[in-house]
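Here is the structure we will look at.
The values are calculated or read from the model by the stated rules, or taken from the named source; none is laboratory data. Not measured: the values here are computed from a predicted model. Positions of Cβ are generated from backbone atoms using ideal geometry, with glycine treated the same way; all protein chains shown enter the neighbour counts. Only protein heavy atoms, including side chains, enter the accessible area calculation; ligands, DNA and RNA are left aside. Shrake-Rupley method; radii C 1.70, N 1.55, O 1.52, S 1.80 Å.
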Amino acid sequence: MGTAALARPSAWAPSGIASLEEAAERAIRSARNELVTAGPGAGKTELLGQRADFLLQTGACTYPRRILAISFKRSSAKNLLERVKLRCGWDEALRFSSATFDSFAKRLFDRHWRALPEPWKLRGGYRIGNGLGDQAFGDFQRQAIEELDLPGKWPKWLVGQGGFHPRSLMSVSREKFSRVVHDVSLSTRPTNDAEFLYFLHVMTSLHSGSAELTFPTIARLVELLIRVNRPLREALLATYSHVFVDEFQDTTGAQYALLRACFHSSSAVLTCVGDSKQRVMAWAGAKRDVFEQYRRDFLANRPELELTRNYRSNARIVEILNVLKSHIAPNEAQLVPVRPAPNLPAKEVCSVVISADEDMENECVARYVGRQIESGVPVREVALLVRQQARQWRERLEGAFERRGLRIRNEDEDVHGGVRIQDLMTEPASDALLNAVELLTTARGGATWLRTLELLYEADGLGPDEDLAQTAGVRRELEEFCRERRIDRGDLPDAERLSELLKHARLLFSNNRLRRLGAQYLQGEFLETVIEATRKFLLQAVEASDNWPAVFRHYRGTEQVPLLTITRSKGFEYSIVLILGMDAQQWWSFGKDPVEGHANFFVAASRARDLLFMLFCKGKPFVAIREIFTRLAEAKVESWSAREWAEQSALLGGARTG
């Protein structure tokens, strides 16, 4: 964008919306580091989309510098990029880099690993791993002890002056070992047994010729790269003038250390957005004091900006959320609902639903969901949330659902190689192959044609307004692809035909093109893993469908009720939310970490826009989570029988409020 086209900051106005609350306006226009606390439904994605628009349209982010946006989940990174495209337009969005912490760290590692200092140099290739299991960790411990006293085996700086004692090394649990990565930098020396084992494991893996590295370890290695390679840090700062971090409360110790190494005491302006009430990833290393640390490091202890509006949930649900909030974050302001409560009895908006046994609960949940869908509620607007064991819940419920002609989709299902269904839906390589296959089965492309063309442009580094000769060449390639390979409309789906169509799709989207769609595909085997996951899940869809349109609906889940864990529900919202398994068996870790337990329940409840129900079976233990029921009682949440709820509760249909 030329200077003449830039808007004056005072003349800039929000794009696509009427107004913003005052704290949001201040965050959008700020020229300094900010921490924005934003509760559920506060419009975090919209806030960051508007800030990107302000920075790019006013020239605060000067050309050719870029904005780096870091999210916790791929779906959040994708949604934020789409919002920026909507608010800023395609051209400006080309200067907006949206990534997860993992993909950002991996991209830097893949480009610069050769600059790692000894003894952290990578000798050979590497792949992404999930860390050591119990048996592998025990084997590693024993090997480390056996080699501990071998002369010259390990450098003196690693072993230390006094060394480490075998008995104390064996006392380190795998859980403690796995958390070290979030507490210690590789630029330091180990000071205890767990740190020694972690350093030793990273070093031996890097030197093995075929390293298996976890994402947190990659973050630590990149932190080390930044610390020892000043030109690399300077190049980052020359590229990115502004940095956004979404879901900041879930930032791990390793991720925060990387963020600090890259941008602390620099010209980059950071905007971090999060909500401590929704910190549900402590088990994965989320840094509990990340807000306080950020205030010290980046704000000189200035207070944060606080968003209080809730645009998602109706007033009755927000009233309940405020009661829950008062015990999690008593010093924060009350959430302010934008939408009124529906004209319904309170228990038909939110209540505890009690079943005599699991069979009754299964039937009543299926009956309730079926009635809502028959009344006109979209299938994907009813969510079944569980604390854990999503696969077992699907197996338990699917019989009752199938008897009513309904399908459940476990969004947490591992399709192939650790790629879950929910993640697969956000992978651009999968999106490209799916749209190419779908295009070959339709007489007219419509939206599928446009999406395929957009992905080709992106893979070739083109925008819609690029040189006409270049874009016209891509259009001709797509037209020829369809003309030569489109199948007859009467062809029915089967495994052989799917294999043929996927081969055609791979001709259009070569490996080189697919790699250019995402930094996560540039190194290692992840691209092949996503391609195989796409093939397997398409095959599942073919086996469940009798025509091609049904195949693609099945793949995308448009006619299946979503079942997902609470942690996977973050970033999503639904008209109706059913929280299943409100008992101590499902919430077994509540007593161990009640703070995270309350945060999980708060996240689950805050996904609901219109109706919210918690389900409990008689005979199940509940004493361990009595605190949650106490909070619900404070909020005057009533209970009723599952049969009455399933048969008599109000139907939303097309009459949703707000």
| For the range 33-183, the spread of Cα positions along each principal axis, largest first, Å | 63, 36, 28
| How do 29-35, 425-431 rank on mean C-beta neighbours within 10 Å, highest first? | 425-431, 29-35
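Per-residue counts of other Cβ atoms within 10 Å, averaged by peptide: what ranking do you get for 605-613, 620-628, highest first?
On the way: 605-613: 25.9, 620-628: 16.1.
In decreasing order of mean packing, 605-613, 620-628 become 605-613, 620-628.
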| Once fully extended, how much extra length lies between Gln540 and Ser187, figured as 0.36 nm per residue of separation less the alpha-carbon to alpha-carbon distance? | 122.3 nm
| message | So if I take the alpha carbon set of the range 9-73, get Rg, then get Rh from the Kirkwood formula, what is the Rg over Rh ratio? | response | 0.94
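Rounded to the nearest whole Å³, what is the per residue volume of the convex hull around the Cα atoms of the chain? Can you show the working numbers first?
Values: hull volume 115.3 nm³, N = 658.
Hull volume over Cα atoms, normalised by residue count, gives 175 Å³.
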| Kirkwood Rh, the range 383-523, all Cα pairs: how many Å? | 17.5
| message | If I take all pairs of Cα atoms in the range 451-560, what percentage of them are more than 18 Å from each other? | response | 59
| note | In the structure shown, of Lys121/Lys153; Lys78/Lys106; Lys325/Lys620, the pairs separated by more than 20 angstrom at the C-alpha atoms are Lys325/Lys620
| What percentages, rounded to whole numbers, describe P(r) for the range 377-460 computed over all alpha carbon pairs with 10 Å bin width beginning at zero? | 15, 32, 31, 20, 3
| Carbon + sulfur, % of accessible area of the range 284-364 - ligands and nucleic acids excluded, 1.4 Å | 50
| Hey, if you drop one equal point scatterer on each alpha-carbon of the range 192-272 and run the Debye formula without solvent, what base-10 log of I(q)/I(0) do you get at q = 0.13, 0.18 Å⁻¹? | -0.51, -0.86
| For the range 265-330, Kirkwood radius (reciprocal of mean inverse C-alpha pair distance, Å) | 14.3
| request: Take the range 562-643, compute every pairwise Cα distance, and split them into 10 Å bins from 0; I just need the percent in each bin. | output: 16, 53, 30, 1
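Over the range 325-417, what is the relative contact order in whole percent, taking alpha-carbon pairs under 8 Å and six or more residues apart? Let's see the in-between values first.
Details: 30 pairs, mean separation 21.8, N = 93.
So the answer I get is 23 percent.
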| query | Any idea what log10 I(q)/I(0) is at q = 0.10, 0.15 Å⁻¹ for the range 254-395, Debye with uniform C-alpha scatterers and no solvent? | reply | -0.58, -1.04
| field | the chain: relative contact order as a whole-number percent, Cα under 8 Å and 6+ apart | value | 18
| query | Past the 25 Å Cα-Cα mark, which pairs from Lys44/Lys176; Lys287/Lys592; Lys44/Lys277? | reply | Lys44/Lys176
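Need one number: the % of Cα-Cα pairs in the range 310-366 sitting beyond the 12 Å mark. The partial results should precede the final answer.
Working: 1134 of 1596 pairs.
Value for the range 310-366 (Cα pairs over 12 Å): 71 percent.
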| task | Please report the relative contact order for the range 82-180, taking Cα pairs under 8 Å with a sequence separation of at least 6, and give it as a percent rounded to a whole number. | result | 19
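Just to be sure I understand: if I project the alpha-carbon convex hull of the range 110-183 onto a plane and average over all orientations, what area do I get in nm²?
Orientation-averaged projected area of the Cα hull: 6.5 nm².
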| field | Separation of the Arg407 and Ala356 label points, Cα + 7 Å toward Cβ, nm | value | 3.4
